[in-house]
Structure formats: C-alpha cells, structure tokens
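The values are calculated or read from the model by the stated rules, or taken from the named source; none is laboratory data. Nothing here was measured: the structure is a model prediction, and the numbers come from that model. Neighbour counts are summed over all protein chains in view; Cβ atoms, including those assigned to glycine, are modelled from backbone coordinates with ideal geometry. The protein model used for the area step is the full one, side chains on, heavy atoms only, and it has no ligands, DNA or RNA in it. Shrake-Rupley method; radii C 1.70, N 1.55, O 1.52, S 1.80 Å.
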Amino acid sequence: MLAKDIMTENPVTATELMSVAEALGLLYELDVRHLPVVRGSELVGIVSDRDLRGFTAPDEDEAMSAIESARSSKVGGFMNTDPIRVDTETNAREIIELMLVHRVGAIPVCDADTGDLLGIVSYVDLLRMLQESLASA
C-alpha cells in the first residue's frame, strides 16, 4: 500500500504567522496532533501538540499568562522546519520505518517536484490500514 492510498488528503494547515493560540484551537477542534505548516501550498514545517505543550498551564494561576503568551507567539517560532516527508509513491512499510526511527506520529506527503503539500499520513491512518487488512484476512 502506498502513501496516496492511506493519506488524509488536503489536511488542515497552519501558517508561520498564525498565532499559537489559533493553532492550539485547530488541534483541539479537529482532534489531531499535527498541523503541517505551509507557505502558499509549499510545506515549510510541521507543528505538533508536543511542540506547543509549553503553552498549557499546569495550574489555574498560570492560565492567563499561558493564554496571553499563546496569543502573541507565532507558529513559525515553534514548528519543525525540516520535517520528514514522503511522496505519494512511498510504501507504507517505509513510512512506518520513518515514524519509528524519527519518533514522529505523522509524516507529510508532498509532491516530489514542487514540495507542495498533498496530504499527511498519521499513525491513525496506519492503524486504519491495519484494521482493514485484518478485517479482510
């Protein structure tokens, strides 16, 4: 199975200038852990809930400070600017290997020539693929 068969196409994205508060809102609203960061349609990074965990307050006293900081901080300062990426023809076995070696939960799928974001493969997509293959076995 190839990336194009299992990826989530046209994922919701962030931009470098988006506030951390907006990105956290998207992560929460969509119930996802990763947002590809694009400039136009070109992938320039990825940000995860782990990258932004410093903006969650451990207690109520620090909540307002965390909120203000998240509103004034930009995603570009916290994103991974050199994410692992694959193209649509990368097989699932290689994607799994990359996730394990690099300890990441999602890998963007990009056009090999332009670098444009086409989709994303997360561990959830891979689990769905496994579930379907077990059901048909």
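A few comments on the model shown:
- Of all the numbered requirements in (1) open to solvent by 90 Å² or more (accessible area, probe 1.4 Å); (2) part of a helix (DSSP H, G or I); (3) modelled with pLDDT of 90 or more, Ala23 misses one, and that requirement is (1).
- Members of the stretch 3-20 found to be among the polar types (S, T, N, Q), at pLDDT below 95 and closer than 19 Å to Ala70 by Cβ, listed by number: Ser19
- Considering the stretch 91-130, the residues that are assigned to a loop (DSSP other than H, G, I, E, B) and not hydroxyl-bearing (Ser, Thr, Tyr) include one that is farthest from Asn10 (Cα to Cα), namely Arg103.
- Within the stretch 30-55, residues that are under 15 Å from Thr15 (Cβ atoms) and at pLDDT 95 or above reach partners that are assigned to a loop (DSSP other than H, G, I, E, B) and among the β-branched types (Val, Ile, Thr) with beta carbons closer than 6 Å, at six or more positions or on different chains, in the pairs Pro36/Thr13; Val38/Thr13; Gly45/Thr81.
- Pairs meeting the criteria (first residue in the stretch 7-20 and closer than 14 Å to Cys110 by Cβ, second residue surrounded by 15 or more Cβ atoms within 10 Å (Cβ to Cβ) and among the aliphatic types (A, V, I, L, M), beta carbons under 6 Å, at least 6 apart or on different chains) are Met7/Val109; Met7/Val121; Thr8/Ile120; Pro11/Ile120; Thr13/Val38.
- The single residue among Asp5, Asp51, Asp82 that is surrounded by fewer than 17 Cβ atoms within 10 Å (Cβ to Cβ), out of contact with any helix residue (DSSP H, G or I) (no Cβ under 7 Å at 6 or more places or on another chain) and not in a helix (DSSP H, G or I) turns out to be Asp82.
- Single residue of the stretch 114-125 satisfying the filter (touching a residue at least 40 places away in the same chain (Cβ under 8 Å) and open to solvent by 20 Å² or more (accessible area, probe 1.4 Å)) that is nearest to Glu97 (Cα to Cα): Ser122
- In this structure, Ser73 qualifies as open to solvent by less than 80 Å² (accessible area, probe 1.4 Å) and hydroxyl-bearing (Ser, Thr, Tyr).
- Considering the conditions (1) within 16 Å of Ala14 (Cβ to Cβ); (2) more than 14 Å from the chain's Cα centre (by Cα); (3) not in a helix (DSSP H, G or I), Thr88 is excluded by exactly one of them, (1).
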